[in-house]
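Undergrad: Below you will find the structure I want to go over with you.
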Amino acid sequence: MSKKIFSGVQPSGNLHLGNYIGAIKNFVDLQNQKDNQCIYCVVDLHAITFKQDPKTLKDNIRETTAVFLASGIDPKKSIIFNQSLVPAHAEGSWILGCVARMGWLNRMTQFKEKAGKDKEKASVGLYIYPVLMTADILLYDATHVPVGEDQKQHLELSRDIAQKFNLDFNVPNFLKAPEPLIQKYFSRIMSLKDGTKKMSKSDPSDFSRINLNDTKDQIANKIKKAKTDSLPMPSYVEEFAKRSEAENLFGIYSSLNNQSLEKSIDEFNGKNFLDFKKKLADLVVEKISPISLEINKLQKDNNFIDSILKEGGEKANAYASKKVNEMKKIIGF
Ligand code: AMP
Ligand code: TRP
């Protein structure tokens, strides 16, 4: 069955290997499966739920777009655009915000985490963030939404909102309840310095992550210094339960090679971590440095990036404005 895919990434700058393996690589694989129709959005309206410097925001929108393109998302096959170009997202979000219930939003754990201790000081936008995300998805009748585990609750909310709208206005199946697509393997790439912490752009140590714009030397050096343990090379996947750093490095190797952890363990049977790290560094350089070079090249051509977003925005607008107009008619406007 053909799938209609929608996903979004925040323009927060400094995307890393975790974003690539956990999200963007998957977007590319989905795009390249027969009959899938994919829409990938740089969610700049979501970004302003926290205060942004206008110039940095603009740079980050372009940088995230450059990462999409450099990673292999092809504007001839997929729609690539930034959310603020399509007014239907904000309009749809308002309408759906009047369908969603406070009680539902109060359960969202991401809000609690992001708002921190002083909830009174969080923006109202941060609170209704999941409603905007729901509009993103429902405006395109997306059937499948690739996201990380942390977004599963938001997807459930979007299903509830779709169902309530359909029920309240007696329009069965008008809004389509989407299915989450959550990667089973390699969905959490960990810090290179601490196997219990997620690789993250906010980690103060640059050695904890591989940035998608690192040079070959930086990549090789970071892998050389990555934390391991003093035990022999693993022989079984079960050993990883207590060896998070080794698991993470084997996870990166397996994911980038599109092979199972078992296969990677077999491959290095009888070797040592030095051999493994050399191979791993070569592989990460092979897969990431062409992306890095392409990002740098694209970042010199803002006009090109802007033209891709504009073209994608027009295609997205054609879908989304039609859907939001149908919504308006249904509710009596
Ligand atoms: P973020 O930059 O945290 O908003 O994440 C953007 C996308 O990358 C989301 O789909 C995340 O689930 C994914 N992601 C972020 N960090 C990691 C990580 N360390 N491992 C795997 N996926 C990640
Ligand atoms: N909330 C998502 C995240 O933080 C980003 C996002 C916004 C999104 N709108 C979306 C993801 C629609 C999937 C579909 O990762």
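Undergrad: Can you check what the net charge comes to around ALA246, using other residues whose Cβ is under 12 Å from the Cβ of ALA246 (Lys, Arg +1; Asp, Glu -1)?
TA: Taking every other residue near ALA246 into account, the sum is 0.
Undergrad: Given only helices, namely DSSP H runs of n ≥ 4 each adding -39500 (n - 2.57), what is the per-residue ellipticity at 222 nm of the chain, to the nearest 500 deg cm²/dmol?
TA: Taken over the chain, the calculation gives -16000 deg cm²/dmol.
Undergrad: Under 5 Å between amide hydrogens, which residues at least 5 positions from LEU181 or on another chain qualify, with H placed 1.01 Å from N in the peptide plane?
TA: VAL145, VAL147
Undergrad: Among 260-271, 8-19, how do they line up from the highest to the lowest mean number of other beta-carbon atoms within 10 Å?
TA: Packing order, densest peptide first, comes out as 8-19, 260-271.
Undergrad: Separate question: Apply the Kirkwood formula to region 147-260: the hydrodynamic radius equals the inverse of the mean of 1/r over all pairs of different alpha-carbon atoms; give it in Å with one decimal.
TA: Over region 147-260, the inverse of the mean reciprocal pair distance is 17.0 Å.
Undergrad: If you don't mind, there's one more thing I want to ask. Provide the packing ranking of 284-293, 310-319, i.e. peptides ordered by the mean count of other C-beta atoms within 10 Å per residue, highest first.
TA: 284-293, 310-319
Undergrad: Separate question: At 10 °C and 1.306 mPa s, what whole-number value in µm²/s does Stokes-Einstein give for the translational diffusion of region 66-210, with Rh from the Kirkwood sum over Cα pairs?
TA: 91 µm²/s
Undergrad: Let me ask another. Once the principal axes of the Cα atoms of region 1-88 are found, what is the range along each, listed largest first in whole angstroms?
TA: The Cα atoms of region 1-88 stretch 42, 32, 19 Å along the principal axes, largest first.
Undergrad: Okay, moving on. May I ask you to give the average projected area over all directions of the convex hull of the Cα atoms of the chain, in nm² rounded to one decimal?
TA: Mean orientational projected area (the chain, Cα hull): 18.2 nm².
Undergrad: From the cross-link list LYS184/LYS263; LYS55/LYS322; LYS51/LYS119, which pairs have alpha carbons spaced over 24 Å apart?
TA: LYS55/LYS322
Undergrad: Another question, then. Along each of the three principal axes of the Cα atoms of region 257-333, give the extent in whole Å, ordering the values from largest to smallest.
TA: Over region 257-333, Cα extents along the principal axes are 70, 35, 12 Å.
Computed from the coordinates by the stated procedures, all read-outs in this text should not be read as laboratory data. What you see is a predicted model; the values in this text were computed from it and never measured. Quick reminder, even Gly has a Cβ in these numbers, built from the backbone with ideal geometry, and neighbours come from all protein chains shown.
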